[in-house]
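> Encoded as structure tokens, here's the structure I'll be asking about.
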Amino acid sequence: MKTRILRLCLLFFVLFAAASCFLFESKPETVDGNLSIRLRFTLPSDIDSTVTEPVAGLRVKIVTSDYNIPEMYGITDSAGFVLFEQLPYAYYSIEAHSVLQVSEFEEVEVVGTKNLNLTANSLGTDTVYTDTLLMEQSKLGLKINEIYTSGPPNNMFYFYDQFFELYNGLSETVYLDGMIFLRLGTTPLFSDTLSVTYIYQFPGTPLTGRQYPVEPGEFVVLAGNAFDHNQIGPISGKTVDLSDADWEFVNMIESGGYDNPNVPNITTNNGRVSQKSKVDFMVGVTGDGLALCDGTDYDQTDGIDVNTVIDAVEYSSSSTHTKEVPYVLDQSFGGIGQNKYAGQSLERIRPGFDTNNSRIDFVVINAPTPGYHHAE
Amino acid sequence: MQNRVLYYITIVCLAGISFAFAFENALFWQPSFREDISQPLNAYYLTGNPAAYLYEGNFQEIRIGGRFDKMDYRRRYDPVSEQNLHAEFFTVRDIDNKSFFSTGISYDDYRKRDLFASMEKDFYDDYFSMIDSTQGDVSYYGPRLQILYNVKLSENVFFGLEGNYGVERSLKDTFPQTITIMRNSGYRAGLDFRKNAFNMGVFARYYDDQISYEAVKSYTNVKSHTYIGYNIFYNELPGSKTEKIRTRNGLEYGANLGFGKKTGFYGDFAVSGLHRISRSELIRASHTYDRGLWLRQGLHVRGNLNYYSGEVAAFRFYGELLQYEDWAESLISGALVIENNERMARWGGMFIYKPSLVQEAYLGAESGTVHYDYIEYVFPFESSRSGNEWKLYTGSRLYVGPKTHFHVDLAYAKMIPRFYWDTESFRDTNIIIGLEQLFSFGYITIGFEYINRKPENDVETISKYLFGLSYLRK
């Protein structure tokens, strides 16, 4: 009997020891919320461009979409430093901009931006991240300013109210004549040419045409289907009226496709640019690549030359999305976290603001704003 | 003896319904010192050590019951009301003169109405709970099996083994639809040495709870958030399906020591160590993402000292100390995100008056202290709360006929809740009424319980109504 008891006790001990192996973990040494980010903002010197100077009094914004914590602001000191303390480990977008008076009659906007993915594992025991950001002149120009593709709140997979908005951030008029608007395919990230899924073209002659001007500070709305989508019962009051859009996409070989006679067309299969698809211009609801090109290269069979690109944007709702647009055009992608069929849209944080880094340049907004900016 | 068994049935009948809410294995065995006032509590009441389970004859019992909670005062992720229907078959049977077993099978249908956003059954029970953005009704249902085996190994040594296994499914029928599948199992084993006026035991418990939440949106995306603690959440990427797996493994090990006989002084004391680890993972598009793990370690000490003279009066004094510490690691950042320290102590005394064989009454009071110390690090938050709790209770049991037994129990208590209740204290009022009747075919018991919980800073309350019906055949 004693042996039996002894065996039972031994069995207990073995089972206990085996179970314990799964139940013990060591307490992490690093504490979240203790992270500090120390940044120095500099500008190339006016006298010697190889030398940098600190930017003092610069308002710096740091924001993370990982947590429900508000965006934070700081001001650089005389040495160009700004310090953010007591931050959680997260993915941060840092952005600062300033308008510098370069002469009596000229101002330039300079921007300093960076994306940081900071985890306890990436920083080790160090809780202070330090970096220097060299500010650059803002890339002003004709930009793809808003991308509304995700559909209004609905339960019938309606996303045909897509539109794209352009914005002229230059101080002079630009002309859309002959420009092409592309839905991009997957392109090698260091390629010189772009793979194209859809290609649509504005009427007129590229570069030299002067029929379709866009004034400085003007928004231009390019509609997939230029009508009031609120006329569709289940989404009435939840979507956009595109009947007054500036342009409408039309596929010339689409049978029975909608074409608003009062809105000029951007066309494909028009005898100049062509694509196999017979459907209208539609893009992925929460992920795709878009490009606006000057139209000098419109033969998509060998790809579109990246040097003809005026602006390109990649977007995806997934942070783990595999990038599809070359880095030279867009260093990242915007729209992370965008929800489909929720009426959300993607717009630049300021009209025409462009650092070639869509994760910083764009913000997800809760309602589309065709022809104006969400901050207005 | 008959009186005691019948009272026990009523309590178990109601307790069975209450326990259905805690479908998952509890962190620790919670002794009820008000149980079984006719004689001293034995070690099984105190510890759950299956070796200490006392065989008192074969019986089969069928229990059905219901519970309805009206939560006019509630937290953000609590439902407006809850309803639970419970059915159970329980039996105790001897195998030979050295061993016996008991088995139980139960089925619960548990509903929560207007549960806001929470994808979890109990949002506040986990540091990594998930929410979406919807409000809807949830229905949980499933069976649970229990088995206990007790054998006398030698003249003074008993061995006990207990296991339970349960499966529960749920559906939150809204957008997104949330389907929950829970699989829980627990194993308890113990040895008990009993000799004359002395007993001593050791016991251990291991449990494994697995929960899978699957939120599916039929046309648009699931937009879910993973809370890290109770204030900060991590924005999950939207997707057509979001699944969370929570695995919880726990261990309890301890010993109990007792002395005395059923008349005169009798005492039982137990101490156990608690250890539990909980892991959360998110599955999206066939990829698994670790979200967090948290570990709880604690100590549970309890004991009671009884004096039963065999005359009209008896006394029971008891005490309990529960203390545990938590830490949680975010597996998103790889850093410590939560620390928590809780300590609860209570002690009380009970006077039992038994003027005749058909009359019995008791009067008791208990007091205690609680201390909660909770820290979140992601975005600094700290809550430290402590205070005194107390409870006054009384009750009576009497035979109103030769085969009819009636009992009533009343209690009034002050309770200090954790910070997320947004009130400093609750006042609990509790009434239990039971009637037991002996028929030729067995015992029929009906019971009713009402609990009212009132926060100190609000006029709204939480009301709970329980009823139970059982049939026992010996």
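> Taking 8 Å as the Cα distance limit and 6 or more residues as the minimum spacing, I'd like the relative contact order of chain A as a percentage.
Numbers: 897 pairs, mean separation 56.3, N = 376.
The value is 15 percent.
> Quick one: which residues, 5+ away or cross-chain, put their amide H under 5 Å from the amide H of A:V31? H built at 1.01 Å from N.
Correct list: B:L336.
> Tell me the label-point distance for the pair B:A285, B:S154, using the 7 Å Cα-to-Cβ offset, in nm and rounded to one decimal.
Distance between label points: 6.5 nm.
> Further question: Before anything else, pin down the relative contact order of the range A:273-359: Cα pairs under 8 Å, at least 6 apart, normalised by residue count, whole percent.
On the way: 112 pairs, mean separation 22.5, N = 87.
Contact order relative to length: 26 percent.
> Further question on the same structure: Suppose the chain between A:L100 and A:E215 were pulled fully straight at 0.36 nm per residue; how much longer would it get relative to their current alpha carbon spacing?
Extending this stretch completely gives an extra 39.0 nm.
> Using Cα atoms only, what is the angle between the long axis of helix B:2-21 and the major principal axis of chain B, expressed in degrees (0 to 90) to the nearest 10?
0
> Shifting gears a bit: Pull up all non-local amide H partners of A:I365: gap of 5 or more, or a different chain, and H-to-H distance under 5 Å with H placed in the peptide plane.
Counting only residues 5 or more places away or on other chains, the set is A:S345, A:L346, A:E347.
> Provide the FRET efficiency to the nearest 0.05 for the A:N121-A:H321 pair, computing r from the beta carbons and using R0 = 22 Å.
It comes out at approximately 0.50.
> Which whole-number percentage describes the relative contact order of the range B:23-69, with Cα contacts under 8 Å and a sequence gap of 6 or more? Let's see the in-between values first.
On the way: 20 pairs, mean separation 11.6, N = 47.
Dividing the mean separation by the residue count of the range B:23-69 yields 25 percent.
> Continuing with this model, one more query. For chain A, how many pairs of lysine residues have a Cα-Cα distance under 25 Å, where the two are 8 or more positions apart or belong to different chains?
For chain A, the number of qualifying lysine pairs is 13.
> Given R₀ = 60 Å, FRET efficiency for B:Y165-A:E376 by Cβ-Cβ distance, to 0.05?
Here the calculated transfer efficiency is 0.45.
> If B:V151, A:V363 are ordered by their accessible area, calculated over protein heavy atoms with a 1.4 Å probe, which sequence runs from highest to lowest?
A:V363, B:V151
> Where does helix A:2-21 land angle-wise versus the long Cα axis of chain A, in degrees 0 to 90, nearest 10?
Orientation of helix A:2-21: about 30 degrees from the principal axis.
> Pull up the DSSP beta bridges for the protein assembly as shown and report the antiparallel fraction as a percent, rounded to 5.
95
> Work out the length of the dipole vector of the protein assembly as shown about its Cα centre, built from +1 on the beta-carbon of each Lys and Arg and -1 on the beta-carbon of each Asp and Glu, and round it to the nearest 20 debye. Working shown, then result.
Values: 75 positive and 105 negative charges, 1293 e Å.
It works out to roughly 6220 debye.
> What net charge do the residues around B:D458 carry, taking every other residue with its C-beta under 15 Å from that of B:D458, with Lys and Arg at +1 and Asp and Glu at -1?
Neighbour charge sum, excluding B:D458 itself: 0.
> Taking every residue in A:284-293, how many Cβ atoms of other protein chains lie within 10 Å of its Cβ, on average?
Across A:284-293, the average partner-chain Cβ count within 10 Å equals 1.
> Each residue of the range B:138-153 in turn: what ³J(HN,Hα) in whole Hz from Karplus with 6.51, -1.76, 1.60 and θ = phi - 60°, glycine and Pro shown as x?
Once θ is set to phi - 60°, the couplings for the range B:138-153 become 10, 10, 10, 7, x, x, 9, 10, 9, 8, 9, 10, 10, 9, 8, 6 Hz.
> To continue, here is another question. Could you give the accessible area per residue of the range A:116-196, probe 1.4 Å, as a whole number in Å²?
On a per-residue basis, 40 Å².
> Quick one: length gained pulling B:V80 to B:D96 fully straight, 0.36 nm per residue minus the C-alpha distance?
Here the answer is 0.7 nm.
> Could I ask something else about it? Could you compute how much accessible area chains A and B hide from each other, both sides summed, with a 1.4 Å probe? Nearest 100 Å² is fine.
Result for this pair: about 3800 Å² buried.
> For B:V271 paired with B:V216, estimate the spin-label separation in nm (one decimal), with each label point 7 Å from Cα along the Cα-to-Cβ line.
Going by the 7 Å Cα→Cβ label model, 5.2 nm.
> From the phi angles alone, apply the Karplus equation (6.51, -1.76, 1.60; θ = phi - 60°) to the range A:63-69 and give each ³J(HN,Hα) in whole Hz, x where the residue is Gly or Pro.
Karplus-based 3J(HN,Hα) across the range A:63-69 equals 9, 10, 9, 5, 10, 7, 10 Hz.
> Buried by at least 30 Å² relative to the chain on its own: which residues of the range B:332-358 qualify, computing accessible area with a 1.4 Å probe on protein heavy atoms?
Listed by number, the residues meeting the 30 Å² cut-off are B:S333, B:G334, B:A335, B:L336.
> At A:D48 and A:K139, where each label point lies 7 Å from the Cα along Cα→Cβ, what is the point-to-point distance in nanometres?
3.0
The values are calculated or read from the model by the stated rules, or taken from the named source; none is laboratory data. Remember, it's a predicted structure, so these values are computed and weren't measured experimentally. When we count neighbours, we look across all protein chains shown, and the Cβ atoms used for this are built from the backbone with ideal geometry, even at glycine. Side chains included, ligands, DNA and RNA excluded: accessible areas come from the protein's heavy atoms. Shrake-Rupley method; radii C 1.70, N 1.55, O 1.52, S 1.80 Å.
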